[in-house]
Amino acid sequence: MNATGQGATIWLTGLPSAGKTTIARALATRLTGEGHRVEVLDGDEIREFLSAGLGFSRADRHTNVQRIGFVAQLLAAHGVKALVPVIAPYADSREAVRKRHQAAGTAYVEVHVATPVEICSERDVKGLYAKQAAGELSGLTGVDDPYEIPADPDLRIAAHEQTVEDSAAALHALLRDRGLL
Ligand SMILES: Nc1ncnc2c1ncn2[C@@H]1O[C@H](COP(=O)(O)OP(=O)(O)O)[C@@H](O)[C@H]1O
Ligand SMILES: [Mg+2]
C-alpha cells in the first residue's frame, strides 16, 4: 500500500538532551526523501512563538503540550507526518493529546526516547543541567521537576545504546508496521 499521504503524529517524549530533536530530524530527512509531507514541531522553537508567554509550571507545561498537540493533529489530519520532539513530562497531558487524536480518527504514535538522566546530563546540549547544578535554574525536568516515564508507549528506544540512524530506523519500522508509510 502506498500511504504517502497518510498523516500521523509521532510524539517523541523524553528528558532534555535525550536525543528527541536529533532523532526526529533524522527521521524527517528520511521520510521527506521518500516523498512524505513532514513537519517537525520542535519544543524549543515552538516555545518562542506558539507557546510564547508560557513558563514551566505544571499548568503551563500542560498547556504547551495541548497547544502543540492541537496543531500536530490538524497537520496529521491533512496528510502530514507531524514529528513532535517535545519533553511532555506529564502522563495526563500526553494522554489528552492521544485522546484528541483518537476522537478525530487521526493516527498517533508515542515514542519514549529513554536515554537515562546520567547520560543526558553529560551531553547537556543547552547547558541546563550545569545551570541547575550551579543553582542558576530550578525546575529541570528529570532532575528537580517531574518526568513521568510513559508506562505503555508505542515504542521505547534505548537511544543511548544505538546510533541516531538506528533509532530513526526503529521509528520508521514502527510506522511501516502501523500502515502509516
Ligand atoms: N545515539 C544517540 N542518539 C541521539 N542523540 C545522540 C546520540 N549520541 C549522541 N547524541 C547527541 O546527543 C544530543 C541530543 O540532543 P537533542 O537531540 O537536542 O536532545 P533533546 O531534543 O532530547 O533535548 C545531540 O547533540 C546528539 O548529537
Ligand atoms: Mg530538542
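Sub-6 Å Cβ pairs linking a first residue in the range 5-28 that is within 20 Å of V143 (Cβ to Cβ) to a second residue that is within 6 Å of ligand 1 (Cβ to nearest atom) and among the small types (G, A, S), at least 6 apart or interchain, are G19/A159; K20/G14, ordered by first then second residue. Please go through the range 63-76 and give me each residue that is open to solvent by 60 Å² or more (accessible area, probe 1.4 Å) and touching a residue at least 24 places away in the same chain (Cβ under 8 Å), ordered by number. The one that is open to solvent by 60 Å² or more (accessible area, probe 1.4 Å) and touching a residue at least 24 places away in the same chain (Cβ under 8 Å): F70.
The listed residues are K99, K81, and the only one of them that is at pLDDT 95 or above, crowded, with 19+ Cβ neighbours inside 10 Å and away from ligand 1 (no atom under 16 Å from the Cβ) turns out to be K81. If only residues of the range 108-126 that are away from ligand 2 (no atom under 16 Å from the Cβ) and not in a helix (DSSP H, G or I) are counted, the one that is surrounded by the fewest Cβ atoms within 10 Å (Cβ to Cβ) is P116.
Scanning the range 29-49 for residues that are open to solvent by less than 40 Å² (accessible area, probe 1.4 Å) and either more than 15 Å from ligand 2 (Cβ to nearest atom) or in contact with an Asp or Glu (Cβ under 8 Å, 6 or more places away or on another chain) (or both) yields L31, H36, V38. The single condition from (1) in contact with a strand residue (DSSP E or B) (Cβ under 6 Å, 6 or more places away or on another chain); (2) within 16 Å of ligand 1 (Cβ to nearest atom); (3) more than 14 Å from L181 (Cβ to Cβ) that T9 fails is (2).
If you go through the range 127-157 and keep only what is surrounded by fewer than 14 Cβ atoms within 10 Å (Cβ to Cβ), within 17 Å of the chain's Cα centre (by Cα) and over 23 Å from A59 (Cβ atoms), you end up with just D152.
In summary, V40 fulfils each of the numbered conditions (1) away from ligand 1 (no atom under 16 Å from the Cβ); (2) more than 14 Å from P89 (Cβ to Cβ) with the single exception of condition (1).
The values are calculated or read from the model by the stated rules, or taken from the named source; none is laboratory data. Computed from a prediction, not measured in an experiment: that's the story for all the values here. Glycine also receives a Cβ, built like all others from the backbone with ideal geometry; neighbour counts cover every protein chain displayed. For accessibility, only protein heavy atoms count, side chains too; no ligands or nucleic acids. Shrake-Rupley method; radii C 1.70, N 1.55, O 1.52, S 1.80 Å.
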